[in-house]
Amino acid sequence: MMKHYFEQLENGLKSAIDGGKASPRKHYSLEIARLGKRLYSGEDRVAWCGITTPFDLLNAMDITSCFVEFIGAMLASTGVAGDFIEEADQIGYSSDSCSYHRAVMGAAVKGMMPTPEFLIGTTSPCSGGLAVLENLAHRFAKPLFVLHVPQDESGKNVRYLADQIRNMARFVSDATGASLDSGRLRAAMEHTNRARDIMTEVYDLAKQVPSPVTGKDLSNFGIVMALFLGTEAAERIARAYLEEFRRRAEAASRNASGEKFRLLWIQNRIQFKNPLESMLADDFQATVVIDELNDITWEPIDTDNIYEGLAKRSISIPFNGAIENRVTHLQKLAREYRIDGAINPCNWGCRQGTGSRGLIEDGLRQIGVPVLNLEVDCIDSRKFTEGQFKTRIEAFFEMADAKKGNVY
Amino acid sequence: MEKTKWIGFACSYTPLAVIHAAGFTPYRVLPDDKSPDQAGRILHDNLCPHVKRILDRAAAGNLPELEAMLIMNSCDAMRRLYDAWQKTCPQIPAILVDLPVTSSQNAIDFFRDQLERVTGVLENLGDTGINPERIENSIALYNEMAGYFSQLREKNRRGGMKNGAVVLQGLYNRASVEPPEEMIAELAGLLSEPDENLSSDALPVYLFGNVLTDPAAFSLFESCGARIIAEDMCTGSRLFTEIPLEATGDFLADYAGGLLGRRPCARTFDASEPGLLGRVIVEAAKHNGACGVIGYTVKFCDPYVARLPEIRDALKHEGLPFLFLEGDCTMNTIGQQKTRIEAFIEMLR
Ligand code: SF4
Ligand code: SF4
């Protein structure tokens, strides 16, 4: 089913692009379709991983890999996550745990997750994510490697993680027989650094007022791009966005903009089809100009010191460490993007993100940015009630409207 | 008399001996239901009641005068407790200690460095210099206490202690907040008492999970016909097991390895043996002669919640009946499950 779905998706997107209907989002989705197809091809060496795994290193070893939450999001976007969540609940998963993980476990039980050659768990961002990888390793009876991502760069933390990543490369070699060629690794990092540069430009353009970003242009972008780092695909996607945003920024300087509210989206988007984004745009002229994870928080990888660079990058993700880091990062984004308000979909089951809702709200309020907390399950559409959201969103914009102009 | 200086803690991976060596008495902030619910204002409803009740105590000032609060980075909830603690009671500094999830050699080395950092922080907080001898002595002291506890557990297992599990829980609670020297004398006294000659038709049950502190909960199990012959709980035996010292000459390294090498709870595991926790529980239940297993965890505990299906499978595979209870650290929620516990014990007969 999944293989067929990704094949169809790839074909559809390819013909649209070839037929002159290209858009950056289509290029992005095309690469996702290709990755999905490879994951389900039965031919590639597959690894299931945690979110902060250095995917560029795995790409350099020809391993087709992704974080398991990606599958949860895919199932939600295709409208079938509910069945898999139910399956996980049947085998004893608590409905209080993150539904990204329940969907993935349900998919594994139903045989919808290809058997990997190995798995890599990461302690960041969440305890639930690590647990699900341990469970999958047990279920598939495949080797598991764990990366303990320290809370910050202090002391010997970077070296500690760099050593683990080195060991990880050895573990992958042992598990698959694939060797890590130093030339290929260096070339992968060069791809990573070029993609990083282009993405930085894309984000800089997104900061403009009015922003060239519309609707769902960049939803899930930062987190999913990590999967393509180390390959040409990452550069290709980033470049498509850069060209389009340049064009739009140019046009916007000539045309009046309908952008009334600029929004910051905290954590992940709601992954199933829902009317929120269009409601924001149509009813309130509000645009999500920045998602929390759409930022470059790391320096270019020093190709003479690759493992340390990868370690620093994993440590730098805003979900890692104390909430202070995360709030500081959100405040930085709010200022740089001249944000009028923030939306926090508090995914039920996420202790990492939702657990700190109050602290995030306080931190943004300190700089005059109101936050709309939505009680939502980002994966399970069965719990979504549009009416309830609508009332809350209306009230939020009324308040934000009254405030606007006094924010900075 | 010299004033006791307390360092708060909340997790059984806490390096008690380091705290002690620095001249402090470790004080476990046990969750209770005596402080009004204020944590909900800062922490989301979906966080485990263990951390929320700890925060409630801090917010209500329902604590002795702590010099600092040492928080192990054991899970998302504990990390959020660290964040919220700083907001709620900034007058008590919080120290976050990073805790690896495995006990590989480089994880042990890393944890050793964390312990060294804690040593420095505590030295600055107090007025006692920590040297290797002090650490060795403190480890030995806690090992002595753990040794007494393990003998008491054995006494309970062979049926030599009236209301053994209830008594033990009361002792664990006190040993979590009182100076070890005082507890050791009391434990030794208890051990010297002859075994009681008890006969009962209660059924031997093994208990595992995280936070269950109220001895009344153990009375409840007994009143339902269960005899808790052994347990593996965060607020039970797990804090009081001996840590063997290797002859490496680096006590912090030995201690780090010893702490990480303890019987794993749900947040620590062996990457080379995924699913080990279920097997560990099965072995412990069988080894202790249990005819059934009760799991008790607080709600929203991701490490346990995620491992339960595997634990359930492992127990089922061995034909060990299993009852899972979920609660909020209070007697209230466990009391409501009395009928289920009774039915489970009946089913075991
Ligand atoms: S939503 Fe939260 S718990 Fe779920 S995968 Fe993301 S960080 Fe982890
Ligand atoms: S009970 Fe579970 S979630 Fe709560 S602090 Fe302990 S390990 Fe973490």
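Is the shape of the range A:2-183 best called rounded, prolate or oblate, per the rule: a/c under 1.5 gives rounded, else a/b larger than b/c gives prolate, else oblate, with a ≥ b ≥ c the square roots of the Cα gyration tensor eigenvalues?
Oblate is the answer for the range A:2-183, as a/c is 1.5 or above yet b/c matches or exceeds a/b.
Below 8 Å, C-alpha to C-alpha, sequence gap of six or more: please give me the relative contact order for the range B:209-301 in percent.
34
Projecting each Cα onto the charge dipole of chain A (Lys/Arg +1, Asp/Glu -1 at the beta carbon, about the Cα centre), which of A:Gln164, A:Ala322, A:Thr391 comes out farthest on the positive side?
The Cα lying farthest towards the positive end belongs to A:Thr391.
Can you tally the net charge around A:Ala402? Count Lys and Arg as +1, Asp and Glu as -1, for every other residue whose Cβ sits under 14 Å from the Cβ of A:Ala402.
Cβ neighbours under 14 Å give a net charge of -1.
At 1.4 Å probe size, with no ligands or nucleic acids counted, give the accessible surface of B:Lys286 in Å², nearest ten.
Counting only protein heavy atoms, B:Lys286 exposes about 110 Å² to solvent.
Note down the magnitude of the dipole of the range B:160-244 about its Cα centre, charges +1 on Lys and Arg C-beta and -1 on Asp and Glu C-beta and zero elsewhere, to the nearest 20 debye.
Magnitude of the dipole: close to 240 debye.
To test your reading of the geometry: what angle, between 0 and 90 degrees and rounded to tens, separates the Cα axis of helix B:180-192 from the longest principal axis of chain B?
Roughly 30 degrees between the two axes.
For the range A:212-275, give the percent of accessible area contributed by carbon and sulfur heavy atoms, probe 1.4 Å, rounded to a whole number.
Answer for the range A:212-275: carbon and sulfur cover 49 percent of the accessible area.
Please report the orientation-averaged projected area of the range A:114-194, defined via the convex hull of its C-alpha atoms, in nm².
6.7
Working with all protein chains in place, sort A:Cys346, B:Cys75 by solvent-accessible area computed with a 1.4 Å probe, largest first.
B:Cys75, A:Cys346
Could you sort the residues of the range B:236-272 by number and keep only those whose accessible area is reduced by 20 Å² or more in the all-protein-chain setting relative to the chain alone, 1.4 Å probe?
B:Phe269, B:Ala271
For the range B:34-116, which trypsin sites (Lys or Arg not before Pro) are both in a DSSP coil and crowded by at most 16 other Cβ atoms within 10 Å?
B:Lys34
If you put +1 on each Lys and Arg Cβ and -1 on each Asp and Glu Cβ, how big is the dipole of chain B around its Cα centre, in Debye rounded to 20?
Charge dipole of chain B: 940 debye, to the nearest 20.
Once each part is reduced to its C-alpha centroid, what is the distance from the range A:46-121 to the range A:214-280 in angstrom?
Here the two parts' Cα centres lie 25 Å apart.
Nearest 10 degrees, 0 to 90: what angle lies between the long axis of helix A:357-366 and the longest principal axis of chain A (Cα atoms)?
In chain A, helix A:357-366 runs at an angle near 50 degrees to the longest axis.
Can you give the accessible area of A:Asp62 in Å² (nearest 10), computed on protein heavy atoms with a 1.4 Å probe?
In the full protein context, A:Asp62 sits at about 90 Å².
Within chain B, which is the longest segment containing none of the GluC sites (Glu not before Pro) that sit in a DSSP loop and have at most 13 other Cβ atoms within 10 Å?
Values: sites that count: B:Glu2, B:Glu65, B:Glu196, B:Glu246.
With GluC sites (Glu not before Pro) excluded where exposed in loops, chain B gives B:66-195 as its longest stretch.
Need one number: buried accessible surface between chains B and A, 1.4 Å probe, both sides summed, DNA, RNA and ligands left out, in Å² to 100.
Approximately 3700 Å² gets buried when B meets A.
Could you name every residue in the range B:24-62 that has 40 Å² or more less accessible surface in the full protein assembly than in its own chain alone (probe 1.4 Å, ligands and nucleic acids excluded)?
Listed in order, they are B:Ile42, B:His44, B:Asn46.
Remind me, relative contact order of the range A:272-351 in percent, using alpha carbon pairs under 8 angstrom and six or more residues apart?
22
Report the local net charge at A:Val371: Lys and Arg +1, Asp and Glu -1, summed over other residues whose C-beta lies under 11 Å from its C-beta.
0
Need the full-extension length gain, A:Asp302 to A:Ile91, defined as separation in residues times 0.36 nm minus the C-alpha distance. One decimal, nm. Intermediate results must be reported in sequence, preceding the final value.
Working: separation 211, 0.36 × 211 = 75.96 nm, distance 4.58 nm.
So the chain would gain 71.4 nm between A:Asp302 and A:Ile91.
Take the Cβ-Cβ distance between B:Asp32 and B:Asn288 as r, set R0 to 35 Å, and report the resulting FRET efficiency rounded to the nearest 0.05.
For B:Asp32 and B:Asn288, the calculated efficiency is 0.75.
Along the Cα-to-Cβ line of A:His4, 7 Å from the Cα, sits a label point; which residues in the range A:107-124 have backbone N less than 13 Å from it?
none
Could you work out the helix-only [θ] at 222 nm for the protein assembly as shown, with each DSSP H run of four or more residues adding -39,500 (n - 2.57) and the total divided by the number of residues, to the nearest 500 deg cm²/dmol?
Result for the protein assembly as shown: -16500 deg cm²/dmol, rounded to the nearest 500.
Lys and Arg at +1, Asp and Glu at -1: add these up for the other residues within a Cβ distance under 11 Å of A:Glu86 and post the number. Walk me through the intermediate numbers first.
Details: positive: A:Arg102, A:Lys110, A:Arg382; negative: A:Asp83, A:Glu87, A:Asp89, A:Asp380.
Computed value for this residue: -1.
Could you list which residues have their amide H under 5 Å from that of B:Arg227, counting only those 5 or more apart in sequence or on another chain, with H placed in the peptide plane?
Those lying under 5 Å, H to H, from B:Arg227 are B:Leu203, B:Val205.
Rank B:Asn163, A:Ala131, A:Ile91 by how far each Cα sits towards the positive end of the charge dipole of the protein assembly as shown (+1 on Lys, Arg Cβ; -1 on Asp, Glu Cβ) and give me just the farthest.
A:Ile91
Just the accessible area per residue of the range A:2-183, please: how many Å² with a 1.4 Å probe?
Counting only protein heavy atoms, the per-residue value for the range A:2-183 is 34 Å².
Could you sort A:Tyr5, B:Tyr142 by their accessible area in this structure, using a 1.4 Å probe and putting the largest first?
Of A:Tyr5, B:Tyr142, the descending order of accessible area is A:Tyr5, B:Tyr142.
Does chain A come out rounded, prolate or oblate, given a ≥ b ≥ c as the square roots of the eigenvalues of its C-alpha gyration tensor, rounded meaning a/c under 1.5 and, failing that, prolate meaning a/b above b/c?
Rounded, since a/c falls under 1.5.
State in Å² the accessible area per residue of the range B:56-140; use a 1.4 Å probe, count heavy atoms of protein chains only, and round to the nearest integer.
That works out to 37 Å² per residue.
Could you please state, rounded to a whole Å, how far the C-alpha centre of the range B:163-207 is from the C-alpha centre of the range B:325-348?
Going from one Cα centre to the other spans 23 Å.
Using alpha carbons only, how many degrees (0 to 90, rounded to 10) separate the axis of helix A:306-316 from the longest principal axis of chain A?
That helix lies at roughly 40 degrees to the long axis.
With +1 on each Lys and Arg Cβ and -1 on each Asp and Glu Cβ, and nothing else charged, work out how big the dipole of the protein assembly as shown is about its Cα centre, in Debye to the nearest 20.
For the protein assembly as shown, the charge dipole is close to 1640 debye.
Please compute the Cα-Cα pair-distance distribution of the protein assembly as shown with 20 Å bins starting at 0, giving whole percents from short to long.
Once binned at 20 Å, the Cα pair distances of the protein assembly as shown give 16, 49, 29, 6, 0.
Between the range B:5-83 and the range B:218-263, what is the separation of their alpha carbon centroids in Å?
20
If R₀ is 60 angstrom, what is the calculated FRET efficiency for the pair A:Ser173 and B:Glu65, using the beta carbon separation as r and rounding to 0.05?
Computed FRET efficiency for A:Ser173 and B:Glu65 comes out at 0.65.
Cross-link candidates for B:Lys87: which lysines have Cα within less than 17 Å, leaving aside residues fewer than 8 places away along the same chain?
Cα-Cα hits under 17 Å: B:Lys52.
How about the range B:66-86: which of its residues lose at least 30 Å² of accessible area in the presence of all protein chains relative to their chain isolated, using a 1.4 Å probe?
Buried on complex formation: B:Asp76, B:Arg79, B:Arg80, B:Asp83.
The values are calculated or read from the model by the stated rules, or taken from the named source; none is laboratory data. Here the structure is a predicted model, which is why all the values come from computation and not from measurement. No Cβ is skipped: glycine too gets one built from the backbone with ideal geometry, and neighbour counts run over all protein chains shown. Just so you know, the surface numbers come from the protein's heavy atoms only, side chains and all, with ligands and any DNA or RNA stripped out. Shrake-Rupley method; radii C 1.70, N 1.55, O 1.52, S 1.80 Å.
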